[in-house]
Amino acid sequence: MSALVKLAILLPCSLFLIALIKFLYDYLWIRLRLQHMMNSQGIKGPPYAFIHGNNKEANKTTNEALSKPMALRHDIFPRVQPHVYSCINRYGRNYLAWDGKRPELVITEPELVNEVLKHSVTTFPKRKPTFILTGIFGNGLVTALGEKWVKQRKLANYAFHGESLKNMTPAVIASVETMLEKWKGYVGKEIEVYHEFRLLTSEVISRTAFGSSYLEGEKIFDMLNKLSVIRSRNFFETQIPLINKLWKSGDVLESEELSKGIQDCVMKIVKKREDKVVNGEVDSFGNDFLGLLVNAYHDSDENNRLSTEDLVDECKTFYFAGQDTVNSLTAWIVFLLAIHGDWQEKARREVIEIFGNQIPNSEEMSKLKIMTMIIYETLRLYGPSNGMMRRTESDVQLGKLILPANLDLLVIHSAPDHAPQLWGDDVHLFKSERFAEGIAKATNYNAGVFCPFGLGPRNCVGTNFATMETKIVLSIILQRYTIYLSPTYVHSPIPYITVQPQHGIQVILESLHNGA
């Protein structure tokens with residue numbers, strides 16, 4: 001046998017052997033070593049299924065839970081995250097799961113939640129996002145790491161600091177007034193408020209952050225919404241590296257097309273802002289969020305300059321996050337106030353006492369104590385985020401646990417928010433008085449118990465903006481209407497990026513003023 005023939009036989013055999021060894025290392029050795037390491041520290045978890053990990057079981061459990069509406073109660077954790085709920089009851093508050101071949105430590109213990117989020121820039125950075133999440137946020141503020149994140153955070157902090165929020169108030173009020181003009185035709189009739197608030201919050205973020213209107217950003221909102229739906233149905237899809245490179249699913253192709261469409265729309269809005277300066281219509285790019293981004297896009301200093309990709313990603317992030325979170329929050333608050341008329345009346349009396357029938361102003365917004373309590377209790381029961389992904393870059397200690405490098409960490413908010421041992425036997429009841437003395441007292445000074453907008457350096461930069469917008473919207477509505485839940489309402493909370501009402505929220509409006 002010639003040397004050439006031997007080589008022709010040995011080469012593919014060697015390649016096959018190398019591939020087999022790597023396969024066994026990735027799918028067998030790493031798993032067994034990690035399971036042994038975590039088991040020895042008291043961390044258990046569901047059994048690993050070859051290639052898919054726990055994804056198939058989680059997907060099946062979630063589909064079953066979401067296939068039918070639930071009773072009109074607020075115990076939504078077993079519905080929106082049934083697999084996590086089941087595993088916590090079986091394996092404890094922290095457990096080891098598998099996203100395909102990727103190990104994932106699921107964390108619900110408040111002390112560990114606190115530690116992970118407070119050190120999420122250094123010790124526990126963000127995990128690389130999935131391809132569809134990248135389509136929604138790109139490499140913007142939500143997903144960026146390192147120096148890029150620092151630069152983006154500075155811009156966002158400046159855009160949403162106190163004075164800027166005060167300047168945004170008139171635009172928020174104008175948007176609410178426009179919505180309520182339409183509502184005049186629905187007095188005594190059913191209206192679906194989740195959709196109404198989607199239009200409202202889209203208009204608000206368009207006006208305040210981008211100096212435009214909902215119509216100008218309508219295509220962007222529509223495409224981002226489609227991406228969130230795609231992300232939801234692919235949440236438990238197993239990513240198999242080689243196959244994913246050779247073949248793209250319909251959802252992957254659609255998400256790529258949507259991402260390209262969003263980029264084109266954003267750059268049209270940017271060019272419009274640039275053209276106004278070039279044509280001499282204005283002498284600057286503006287002081288709103290888009291203006292700050294375009295200024296950074298044209299910065300002469302390379303270290304401060306934003307690339308086209310960065311500019312688009314930041315716009316995507318704020319178009320989506322600035323709309324989706326407030327949309328869900330205001331809708332769930334109206335739902336809860338429609339059920340709990342006593343709290344609706346308490347909130348209305350407070351609004352009238354502070355503002356009378358005048359338009360709310362930013363100076364006195366902080367006096368809305370009852371409204372703040374209602375917002376917190378709604379965030380506890382119907383929090384905007386299902387969880388936050390982090391990872392370990394190197395071997396590290398978390399509490400009493402020793403964790404290896406390259407371990408994903410999934411911080412779950414729903415578990416502590418709905419835990420009887422933390423909130424009492426009435427945990428599933430809407431009781432805003434829990435927060436009468438603030439979050440710290442309500443949580444017994446344990447920050448990890450309740451952190452709907454995150455903790456530490458990577459907490460949500462738009463928290464104050466979202467709270468301000470919510471208070472304005474609710475104040476103006478309560479000044480004019482009593483709200484009742486419609487008999488047609490079907491209670492079906494569903495997890496997309498935020499927890500949303502699958503079939504909307506239908507209410508009946510009753511005017512407080514004749515002829516209004």
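The values are calculated or read from the model by the stated rules, or taken from the named source; none is laboratory data. These numbers come from a predicted model, not from an experiment. Cβ placement follows ideal geometry from the backbone for every residue including glycine, while neighbour counts extend to all protein chains displayed. Accessible surface areas use protein heavy atoms only, side chains included; no ligands, DNA or RNA. Shrake-Rupley method; radii C 1.70, N 1.55, O 1.52, S 1.80 Å.
Listed by position, the helices (runs of 4 or more DSSP H) enclosed by region 416-516 that each have at least 2 residues that are within 23 Å of Ile339 (Cβ to Cβ) and in contact (Cβ under 8 Å) with a residue 24 or more places away in the chain are 463-480.
Filtered by the rule that a residue be at pLDDT below 85 and either among the aromatic types (Phe, Trp, Tyr) or not assigned by the TED database to the domain that holds Ile505 (or both), region 32-74 gives Leu32, Phe50.
Taking every residue in region 161-179 that is over 26 Å from His195 (Cα atoms) and pairing it with any residue that is buried (at least 19 other Cβ atoms within 10 Å of the Cβ) and among the β-branched types (Val, Ile, Thr), at least 6 positions away or on another chain, the pairs with Cβ-Cβ distances below 9 Å are Ser164/Thr208; Asn167/Thr208. Quick one: count up the residues across region 447-491 that are modelled with pLDDT of 95 or more, surrounded by fewer than 20 Cβ atoms within 10 Å (Cβ to Cβ) and either among the hydroxyl-bearing types (Ser, Thr, Tyr) or not assigned by the TED database to the domain that holds Lys189 (or both). The number of residues fulfilling the criteria is 4. Only one entry in Gly504, Gly424 is open to solvent by less than 20 Å² (accessible area, probe 1.4 Å), within 29 Å of Thr62 (Cβ to Cβ) and of a type outside the set (Ser, Thr, Tyr), namely Gly504. For Leu398, the test of being open to solvent by less than 50 Å² (accessible area, probe 1.4 Å) and within 22 Å of Gln344 (Cβ to Cβ) is failed.
Taking the numbered list (1) outside any helix (DSSP H, G or I); (2) more than 16 Å from Gln502 (Cα to Cα); (3) touching a residue at least 60 places away in the same chain (Cβ under 8 Å); (4) not charged (D, E, K, R) in turn, Met70 passes all entries but (2). Restricting Val150, Val172 to those that are buried (at least 19 other Cβ atoms within 10 Å of the Cβ) and not aromatic (Phe, Trp, Tyr) reduces the list to Val172.
Within region 317-341, residues that are part of a helix (DSSP H, G or I) reach partners that are among the charged types (D, E, K, R) with beta carbons closer than 6 Å, at six or more positions or on different chains, in the pairs Val326/Glu469; Asn327/Arg198.
Return the residue satisfying two criteria in turn: it lies in region 309-345 and is among the aromatic types (Phe, Trp, Tyr) and over 23 Å from Tyr214 (Cα atoms), and of such residues it is least open to solvent (accessible area, probe 1.4 Å).
Phe335
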